[in-house]
Amino acid sequence: MVPSQGVYRYAFPDSPPHISYGIPFHESCAKHVKETFDAKRVYIIASRSLSHETDNIKKLEVALGRKHVVGVRRGMTPHTLWSEVLEIIHEARGAKADLIVTCANNTHQALANNASTPEHLDRLHVNSDTNEERLEINAPTIPIISIPTSLSGGEYTRPGGATDDRNSRKQLFRGPCRGPLLVILDPELTTTTPDSIWLSTGIRSVDHCIEAMCSLESNASADERATRGLQALIPGLLRCKANSRDLDARLACKLGVIDAIGAISVENVPLGGSHGIGHQLGPLGVGHGETSCILLPSVCKYNAHANPSQQAKVCKVFWDDDVVRKVLQIHGLAEETADLGDCLKAIVKELGLPGSLGDVGVTEDKFDMLAENSLSDSCCRTNPIPLKKKHQVLETLRMAM
(Lines give C-alpha, C1' and ligand atoms only; values in the text may rest on other atoms or scores of the structure.)
Protein backbone atom coordinates (compact mmCIF):
# COMPACT_ATOMS: atom_id res chain seq x y z
CA MET A 1 0.00 0.00 0.00
CA VAL A 2 1.20 3.51 -0.81
CA PRO A 3 2.02 5.13 2.58
CA SER A 4 0.12 8.22 3.65
CA GLN A 5 3.26 9.64 5.27
CA GLY A 6 6.55 10.09 3.49
CA VAL A 7 9.22 7.39 3.64
CA TYR A 8 12.92 8.27 3.45
CA ARG A 9 15.47 5.47 3.66
CA TYR A 10 18.41 3.85 1.93
CA ALA A 11 17.55 1.87 -1.20
CA PHE A 12 20.09 -0.75 -0.13
CA PRO A 13 21.14 -1.48 3.47
CA ASP A 14 23.48 1.32 4.57
CA SER A 15 24.25 2.26 0.99
CA PRO A 16 23.16 5.18 -1.21
CA PRO A 17 21.06 6.27 -2.85
CA HIS A 18 18.28 7.17 -0.48
CA ILE A 19 14.74 6.68 -1.70
CA SER A 20 11.73 8.81 -0.89
CA TYR A 21 8.08 7.95 -1.47
CA GLY A 22 4.67 8.65 -0.01
CA ILE A 23 4.37 12.35 -0.89
CA PRO A 24 4.01 13.97 -4.34
CA PHE A 25 7.25 14.10 -6.33
CA HIS A 26 7.46 17.88 -6.65
CA GLU A 27 6.94 18.42 -2.90
CA SER A 28 9.53 15.79 -2.04
CA CYS A 29 12.04 17.20 -4.51
CA ALA A 30 11.66 20.78 -3.27
CA LYS A 31 12.02 19.63 0.33
CA HIS A 32 15.25 17.72 -0.30
CA VAL A 33 16.79 20.33 -2.61
CA LYS A 34 16.48 22.82 0.24
CA GLU A 35 16.92 20.72 3.38
CA THR A 36 19.13 17.81 2.30
CA PHE A 37 21.36 19.40 -0.35
CA ASP A 38 21.07 23.14 0.33
CA ALA A 39 21.17 23.71 -3.44
CA LYS A 40 20.42 27.03 -5.10
CA ARG A 41 21.01 26.41 -8.84
CA VAL A 42 19.06 23.41 -10.16
CA TYR A 43 19.34 22.04 -13.69
CA ILE A 44 16.42 19.79 -14.74
CA ILE A 45 16.55 17.00 -17.33
CA ALA A 46 12.95 16.14 -18.25
CA SER A 47 11.38 13.76 -20.73
CA ARG A 48 9.77 15.28 -23.79
CA SER A 49 6.37 13.83 -22.93
CA LEU A 50 6.37 15.12 -19.35
CA SER A 51 7.46 18.55 -20.60
CA HIS A 52 4.98 18.95 -23.44
CA GLU A 53 2.03 16.71 -22.62
CA THR A 54 1.62 17.30 -18.87
CA ASP A 55 2.04 20.13 -16.39
CA ASN A 56 4.32 18.08 -14.13
CA ILE A 57 7.55 19.88 -14.99
CA LYS A 58 5.85 23.22 -14.40
CA LYS A 59 4.75 21.90 -11.01
CA LEU A 60 8.34 20.95 -10.28
CA GLU A 61 9.68 24.37 -11.34
CA VAL A 62 7.10 26.18 -9.18
CA ALA A 63 7.85 23.96 -6.17
CA LEU A 64 11.60 24.56 -6.53
CA GLY A 65 11.13 28.28 -7.11
CA ARG A 66 11.78 29.51 -10.63
CA LYS A 67 14.73 31.64 -9.53
CA HIS A 68 16.49 28.46 -8.44
CA VAL A 69 15.98 26.66 -11.78
CA VAL A 70 18.93 27.57 -14.01
CA GLY A 71 18.07 25.34 -16.96
CA VAL A 72 15.66 22.71 -18.27
CA ARG A 73 16.54 20.11 -20.88
CA ARG A 74 13.25 18.96 -22.44
CA GLY A 75 13.60 15.55 -24.01
CA MET A 76 16.37 13.16 -25.00
CA THR A 77 16.64 10.46 -27.62
CA PRO A 78 16.15 6.90 -26.33
CA HIS A 79 19.45 5.11 -25.65
CA THR A 80 21.18 8.46 -25.02
CA LEU A 81 23.26 9.85 -27.87
CA TRP A 82 26.80 11.02 -27.12
CA SER A 83 26.01 14.36 -28.74
CA GLU A 84 23.15 14.95 -26.31
CA VAL A 85 25.25 13.95 -23.32
CA LEU A 86 27.83 16.54 -24.32
CA GLU A 87 25.16 19.22 -24.86
CA ILE A 88 23.84 18.66 -21.34
CA ILE A 89 27.33 18.75 -19.84
CA HIS A 90 28.03 22.08 -21.53
CA GLU A 91 24.64 23.54 -20.57
CA ALA A 92 24.88 22.50 -16.90
CA ARG A 93 28.46 23.76 -16.63
CA GLY A 94 27.57 27.04 -18.28
CA ALA A 95 24.64 27.53 -15.91
CA LYS A 96 26.89 26.79 -12.90
CA ALA A 97 24.37 24.22 -11.66
CA ASP A 98 24.93 22.90 -8.13
CA LEU A 99 22.34 20.10 -8.42
CA ILE A 100 20.78 18.10 -11.26
CA VAL A 101 17.23 16.73 -11.19
CA THR A 102 16.23 14.13 -13.76
CA CYS A 103 12.57 13.40 -14.39
CA ALA A 104 12.42 11.03 -17.31
CA ASN A 105 12.14 7.49 -18.67
CA ASN A 106 15.83 7.40 -19.56
CA THR A 107 18.80 6.67 -17.36
CA HIS A 108 20.05 9.52 -15.25
CA GLN A 109 23.68 10.11 -15.88
CA ALA A 110 25.62 12.68 -17.82
CA LEU A 111 28.39 10.08 -17.74
CA ALA A 112 31.72 11.84 -17.67
CA ASN A 113 32.42 14.85 -15.51
CA ASN A 114 35.38 15.83 -17.66
CA ALA A 115 34.19 14.98 -21.19
CA SER A 116 33.90 17.74 -23.78
CA THR A 117 34.05 16.02 -27.18
CA PRO A 118 33.17 12.64 -28.76
CA GLU A 119 36.90 11.92 -28.83
CA HIS A 120 37.00 12.31 -25.04
CA LEU A 121 34.10 9.87 -24.64
CA ASP A 122 35.84 7.46 -27.00
CA ARG A 123 38.72 7.29 -24.50
CA LEU A 124 36.47 6.64 -21.50
CA HIS A 125 34.13 3.72 -22.26
CA VAL A 126 34.92 0.21 -21.07
CA ASN A 127 35.39 -1.24 -24.57
CA SER A 128 37.69 1.53 -25.75
CA ASP A 129 40.27 0.28 -28.23
CA THR A 130 41.74 3.66 -29.08
CA ASN A 131 45.52 3.88 -29.12
CA GLU A 132 45.36 7.16 -27.21
CA GLU A 133 45.90 7.20 -23.46
CA ARG A 134 42.71 6.62 -21.50
CA LEU A 135 41.39 9.69 -19.74
CA GLU A 136 41.14 9.72 -15.99
CA ILE A 137 37.57 10.25 -14.80
CA ASN A 138 37.15 12.79 -12.03
CA ALA A 139 34.66 11.88 -9.34
CA PRO A 140 31.49 13.96 -9.81
CA THR A 141 30.79 16.75 -7.36
CA ILE A 142 27.28 17.83 -8.41
CA PRO A 143 24.59 15.76 -6.67
CA ILE A 144 21.78 14.18 -8.69
CA ILE A 145 18.14 13.63 -7.71
CA SER A 146 16.37 11.12 -9.94
CA ILE A 147 12.59 10.97 -10.37
CA PRO A 148 12.17 7.92 -12.61
CA THR A 149 8.96 7.33 -14.55
CA SER A 150 9.81 3.88 -15.89
CA LEU A 151 11.07 0.59 -14.45
CA SER A 152 14.45 0.09 -16.12
CA GLY A 153 16.34 0.88 -12.90
CA GLY A 154 19.22 2.91 -14.30
CA GLU A 155 18.90 5.34 -11.39
CA TYR A 156 20.40 2.72 -9.06
CA THR A 157 23.46 1.87 -11.14
CA ARG A 158 26.81 3.59 -11.36
CA PRO A 159 27.79 2.65 -14.92
CA GLY A 160 26.09 4.68 -17.64
CA GLY A 161 25.35 3.69 -21.21
CA ALA A 162 25.22 5.93 -24.27
CA THR A 163 25.18 5.53 -28.04
CA ASP A 164 27.97 6.82 -30.26
CA ASP A 165 26.22 8.84 -32.99
CA ARG A 166 29.03 8.00 -35.41
CA ASN A 167 28.46 4.24 -35.56
CA SER A 168 25.20 3.56 -33.63
CA ARG A 169 27.15 1.45 -31.15
CA LYS A 170 26.12 1.62 -27.52
CA GLN A 171 28.97 1.79 -25.03
CA LEU A 172 29.16 1.36 -21.26
CA PHE A 173 31.02 3.86 -19.07
CA ARG A 174 32.40 3.13 -15.64
CA GLY A 175 34.44 5.12 -13.19
CA PRO A 176 34.14 6.88 -9.84
CA CYS A 177 30.49 7.68 -10.60
CA ARG A 178 28.19 7.75 -7.60
CA GLY A 179 24.87 8.04 -9.43
CA PRO A 180 21.92 9.84 -7.85
CA LEU A 181 22.05 10.46 -4.13
CA LEU A 182 18.24 10.48 -3.94
CA VAL A 183 15.59 8.63 -5.95
CA ILE A 184 12.01 9.86 -5.60
CA LEU A 185 9.27 7.30 -6.26
CA ASP A 186 5.79 8.61 -7.13
CA PRO A 187 3.32 6.00 -8.45
CA GLU A 188 0.86 8.72 -9.46
CA LEU A 189 3.48 10.40 -11.66
CA THR A 190 4.19 7.10 -13.44
CA THR A 191 0.60 6.94 -14.72
CA THR A 192 1.71 9.53 -17.31
CA THR A 193 4.12 6.96 -18.78
CA PRO A 194 2.63 5.08 -21.76
CA ASP A 195 1.63 1.55 -20.78
CA SER A 196 3.93 0.05 -23.41
CA ILE A 197 6.97 1.78 -21.85
CA TRP A 198 5.96 1.08 -18.26
CA LEU A 199 5.37 -2.62 -18.90
CA SER A 200 8.34 -3.20 -21.20
CA THR A 201 10.80 -1.50 -18.87
CA GLY A 202 9.33 -3.69 -16.15
CA ILE A 203 10.42 -6.68 -18.22
CA ARG A 204 13.84 -5.03 -18.41
CA SER A 205 14.06 -5.29 -14.62
CA VAL A 206 12.77 -8.86 -14.83
CA ASP A 207 15.70 -9.39 -17.20
CA HIS A 208 18.07 -8.10 -14.49
CA CYS A 209 16.63 -10.62 -12.03
CA ILE A 210 16.75 -13.56 -14.42
CA GLU A 211 20.21 -12.95 -15.83
CA ALA A 212 21.46 -12.61 -12.24
CA MET A 213 19.85 -15.86 -11.10
CA CYS A 214 20.92 -17.68 -14.25
CA SER A 215 24.53 -16.49 -14.12
CA LEU A 216 27.11 -19.14 -13.33
CA GLU A 217 28.67 -16.56 -10.99
CA SER A 218 25.56 -15.89 -8.91
CA ASN A 219 25.37 -16.50 -5.18
CA ALA A 220 22.75 -17.11 -2.50
CA SER A 221 22.39 -13.42 -1.60
CA ALA A 222 21.97 -12.37 -5.23
CA ASP A 223 19.43 -15.13 -5.79
CA GLU A 224 17.47 -13.95 -2.76
CA ARG A 225 17.37 -10.37 -4.04
CA ALA A 226 16.43 -11.46 -7.56
CA THR A 227 13.70 -13.74 -6.25
CA ARG A 228 12.14 -10.87 -4.27
CA GLY A 229 12.35 -8.71 -7.36
CA LEU A 230 10.53 -11.28 -9.50
CA GLN A 231 7.89 -11.83 -6.81
CA ALA A 232 7.12 -8.08 -6.87
CA LEU A 233 7.56 -7.37 -10.56
CA ILE A 234 5.75 -10.17 -12.42
CA PRO A 235 2.45 -10.03 -10.45
CA GLY A 236 2.73 -6.24 -10.25
CA LEU A 237 3.08 -5.88 -14.01
CA LEU A 238 0.12 -8.20 -14.61
CA ARG A 239 -1.96 -6.08 -12.20
CA CYS A 240 -0.87 -2.88 -13.98
CA LYS A 241 -1.89 -4.40 -17.30
CA ALA A 242 -5.33 -5.15 -15.87
CA ASN A 243 -5.69 -1.70 -14.25
CA SER A 244 -3.26 1.07 -15.15
CA ARG A 245 -4.47 3.12 -12.15
CA ASP A 246 -3.46 0.46 -9.60
CA LEU A 247 -1.05 2.63 -7.60
CA ASP A 248 -0.23 -0.11 -5.11
CA ALA A 249 0.89 -2.36 -7.97
CA ARG A 250 2.96 0.48 -9.44
CA LEU A 251 4.73 1.07 -6.12
CA ALA A 252 5.32 -2.68 -5.75
CA CYS A 253 6.98 -2.67 -9.17
CA LYS A 254 9.09 0.34 -8.23
CA LEU A 255 10.32 -1.37 -5.07
CA GLY A 256 10.90 -4.60 -7.00
CA VAL A 257 13.28 -2.73 -9.28
CA ILE A 258 15.55 -2.06 -6.28
CA ASP A 259 15.92 -5.78 -5.60
CA ALA A 260 16.47 -6.42 -9.32
CA ILE A 261 19.32 -3.94 -9.47
CA GLY A 262 20.68 -5.04 -6.10
CA ALA A 263 21.09 -8.57 -7.41
CA ILE A 264 23.55 -7.41 -10.04
CA SER A 265 25.16 -4.24 -8.71
CA VAL A 266 25.35 -4.83 -4.95
CA GLU A 267 26.22 -8.50 -5.37
CA ASN A 268 28.45 -7.88 -8.41
CA VAL A 269 26.86 -10.60 -10.53
CA PRO A 270 27.60 -10.17 -14.25
CA LEU A 271 24.85 -9.96 -16.84
CA GLY A 272 24.51 -12.09 -19.97
CA GLY A 273 23.52 -12.19 -23.60
CA SER A 274 20.11 -10.57 -23.32
CA HIS A 275 21.76 -7.38 -22.11
CA GLY A 276 24.83 -7.71 -24.34
CA ILE A 277 22.88 -8.10 -27.57
CA GLY A 278 20.10 -5.81 -26.38
CA HIS A 279 22.54 -2.92 -25.89
CA GLN A 280 23.15 -3.03 -29.64
CA LEU A 281 19.55 -3.63 -30.65
CA GLY A 282 18.47 -0.43 -28.92
CA PRO A 283 20.22 1.98 -31.30
CA LEU A 284 18.21 0.47 -34.18
CA GLY A 285 15.13 2.09 -32.66
CA VAL A 286 13.92 -0.74 -30.42
CA GLY A 287 12.67 0.47 -27.05
CA HIS A 288 14.92 -0.10 -24.05
CA GLY A 289 12.53 -2.55 -22.42
CA GLU A 290 11.40 -4.15 -25.67
CA THR A 291 14.90 -5.51 -26.22
CA SER A 292 14.42 -7.70 -23.14
CA CYS A 293 10.92 -8.78 -24.20
CA ILE A 294 12.35 -10.04 -27.48
CA LEU A 295 15.77 -11.38 -26.54
CA LEU A 296 15.49 -12.79 -23.01
CA PRO A 297 13.32 -15.83 -23.91
CA SER A 298 15.68 -16.78 -26.76
CA VAL A 299 18.82 -16.24 -24.70
CA CYS A 300 17.38 -18.46 -21.95
CA LYS A 301 16.66 -21.20 -24.48
CA TYR A 302 20.17 -20.84 -25.96
CA ASN A 303 21.70 -21.18 -22.47
CA ALA A 304 19.37 -23.95 -21.24
CA HIS A 305 21.89 -26.80 -21.31
CA ALA A 306 24.54 -24.67 -19.53
CA ASN A 307 22.47 -23.58 -16.50
CA PRO A 308 19.48 -25.95 -16.09
CA SER A 309 19.37 -25.78 -12.28
CA GLN A 310 19.45 -21.97 -12.29
CA GLN A 311 16.65 -21.77 -14.84
CA ALA A 312 14.60 -24.26 -12.83
CA LYS A 313 14.83 -21.93 -9.79
CA VAL A 314 13.34 -19.08 -11.82
CA CYS A 315 10.56 -21.28 -13.16
CA LYS A 316 9.66 -22.27 -9.60
CA VAL A 317 9.26 -18.62 -8.64
CA PHE A 318 6.79 -18.22 -11.51
CA TRP A 319 4.76 -21.34 -10.80
CA ASP A 320 4.61 -20.69 -7.05
CA ASP A 321 2.67 -17.45 -7.60
CA ASP A 322 -1.05 -18.07 -8.13
CA VAL A 323 -1.54 -15.06 -10.41
CA VAL A 324 1.42 -15.98 -12.62
CA ARG A 325 0.50 -19.68 -12.64
CA LYS A 326 -2.97 -18.85 -13.94
CA VAL A 327 -1.53 -16.77 -16.78
CA LEU A 328 0.91 -19.51 -17.76
CA GLN A 329 -1.89 -22.07 -17.80
CA ILE A 330 -4.12 -19.79 -19.88
CA HIS A 331 -1.34 -19.77 -22.47
CA GLY A 332 -1.30 -23.55 -22.58
CA LEU A 333 1.78 -24.24 -20.45
CA ALA A 334 2.25 -27.01 -17.93
CA GLU A 335 4.72 -26.84 -15.05
CA GLU A 336 6.19 -30.24 -15.91
CA THR A 337 7.07 -29.42 -19.52
CA ALA A 338 7.43 -25.64 -19.95
CA ASP A 339 10.93 -24.22 -19.91
CA LEU A 340 11.93 -20.72 -18.82
CA GLY A 341 11.87 -19.34 -22.35
CA ASP A 342 8.30 -20.62 -22.81
CA CYS A 343 7.17 -19.00 -19.55
CA LEU A 344 8.72 -15.67 -20.49
CA LYS A 345 7.11 -15.71 -23.93
CA ALA A 346 3.71 -16.28 -22.33
CA ILE A 347 4.16 -13.41 -19.87
CA VAL A 348 5.32 -11.03 -22.59
CA LYS A 349 2.33 -12.01 -24.72
CA GLU A 350 -0.08 -11.54 -21.81
CA LEU A 351 1.30 -8.01 -21.31
CA GLY A 352 0.70 -7.22 -24.98
CA LEU A 353 4.37 -6.52 -25.68
CA PRO A 354 6.44 -7.36 -28.78
CA GLY A 355 7.85 -10.87 -28.69
CA SER A 356 9.97 -11.06 -31.83
CA LEU A 357 12.38 -9.01 -33.89
CA GLY A 358 9.79 -8.95 -36.66
CA ASP A 359 7.32 -7.28 -34.29
CA VAL A 360 9.63 -4.26 -34.06
CA GLY A 361 10.70 -4.19 -37.71
CA VAL A 362 14.23 -5.56 -37.33
CA THR A 363 14.95 -7.69 -40.39
CA GLU A 364 17.63 -10.30 -41.06
CA ASP A 365 19.73 -7.93 -43.16
CA LYS A 366 20.63 -6.13 -39.88
CA PHE A 367 21.84 -9.30 -38.15
CA ASP A 368 25.47 -9.15 -39.29
CA MET A 369 25.94 -5.64 -37.91
CA LEU A 370 24.12 -6.54 -34.70
CA ALA A 371 26.27 -9.62 -34.18
CA GLU A 372 29.53 -7.79 -34.82
CA ASN A 373 28.62 -4.93 -32.48
CA SER A 374 27.46 -7.35 -29.78
CA LEU A 375 30.79 -9.14 -29.63
CA SER A 376 32.41 -6.01 -28.21
CA ASP A 377 29.93 -5.89 -25.32
CA SER A 378 31.26 -7.26 -22.04
CA CYS A 379 27.89 -8.79 -21.13
CA CYS A 380 28.17 -11.20 -24.05
CA ARG A 381 31.44 -12.49 -22.70
CA THR A 382 29.87 -13.17 -19.27
CA ASN A 383 26.89 -15.06 -20.71
CA PRO A 384 26.60 -18.61 -19.24
CA ILE A 385 27.74 -19.75 -22.68
CA PRO A 386 30.24 -16.98 -23.53
CA LEU A 387 29.27 -15.33 -26.81
CA LYS A 388 32.66 -14.93 -28.46
CA LYS A 389 31.86 -15.84 -32.07
CA LYS A 390 29.63 -14.13 -34.54
CA HIS A 391 27.73 -17.32 -35.37
CA GLN A 392 26.64 -17.65 -31.72
CA VAL A 393 24.97 -14.24 -31.72
CA LEU A 394 23.43 -14.92 -35.12
CA GLU A 395 21.90 -18.15 -33.79
CA THR A 396 20.36 -16.29 -30.87
CA LEU A 397 18.99 -13.57 -33.16
CA ARG A 398 17.41 -16.14 -35.47
CA MET A 399 15.72 -17.75 -32.47
CA ALA A 400 14.17 -14.34 -31.75
CA MET A 401 12.79 -13.79 -35.25
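The values are calculated or read from the model by the stated rules, or taken from the named source; none is laboratory data. If you're wondering where the values come from, they're calculated on a predicted model, not measured in any experiment. Note that we place each Cβ from the backbone using ideal geometry, even for glycine, and neighbour counts take in every protein chain shown.
Annotations for the structure displayed:
- From the list ARG73, ARG93, ARG9, the lone residue that is more than 27 Å from HIS279 (Cα to Cα), assigned to a strand (DSSP E or B) and either modelled with pLDDT under 90 or charged (D, E, K, R) (or both) is ARG9.
- Among (1) closer than 19 Å to ILE385 by Cα; (2) in contact with a Leu (Cβ under 6 Å, 6 or more places away or on another chain), the one test that ASN307 misses: (2)
- Extreme residue, nearest to the chain's Cα centre (by Cα), among residues of region 360-379 that are assigned to a loop (DSSP other than H, G, I, E, B) and in contact (Cβ under 8 Å) with a residue 60 or more places away in the chain: ASP377
- Here ARG245, ARG225, ARG204 are screened, and the one residue that is within 24 Å of GLU350 (Cβ to Cβ), of a type in the set (Lys, Arg) and touching a helix residue (DSSP H, G or I) at 6+ places or on another chain (Cβ under 8 Å) is ARG204.
- Of the residues making up region 285-315, those that are under 20 Å from GLY202 (Cα atoms) and either outside any helix (DSSP H, G or I) or out of contact with any helix residue (DSSP H, G or I) (no Cβ under 9 Å at 6 or more places or on another chain) (or both) number 3.
- Breaking point among (1) modelled with pLDDT of 95 or more; (2) closer than 26 Å to VAL393 by Cβ, for LEU251: (2)
- Applying a threshold of 6 Å to beta carbon distances and a minimum spacing of six or more residues, or different chains, the list of pairs starting in region 80-100 at a residue that is buried (at least 17 other Cβ atoms within 10 Å of the Cβ) and ending at one that is part of a helix (DSSP H, G or I) reads TRP82/PRO118; TRP82/LEU121.
- Test for SER83: is it outside any strand (DSSP E or B) and modelled with pLDDT of 60 or more: yes
- Hits in region 46-63 (condition: part of a loop (DSSP other than H, G, I, E, B) and either touching a helix residue (DSSP H, G or I) at 6+ places or on another chain (Cβ under 8 Å) or touching a residue at least 24 places away in the same chain (Cβ under 8 Å) (or both)): SER47, THR54
- Among the candidates ASP246, ASP259, ASP186, ASP207, the residue that is among the acidic types (Asp, Glu) and over 22 Å from SER146 (Cβ atoms) is uniquely ASP246.
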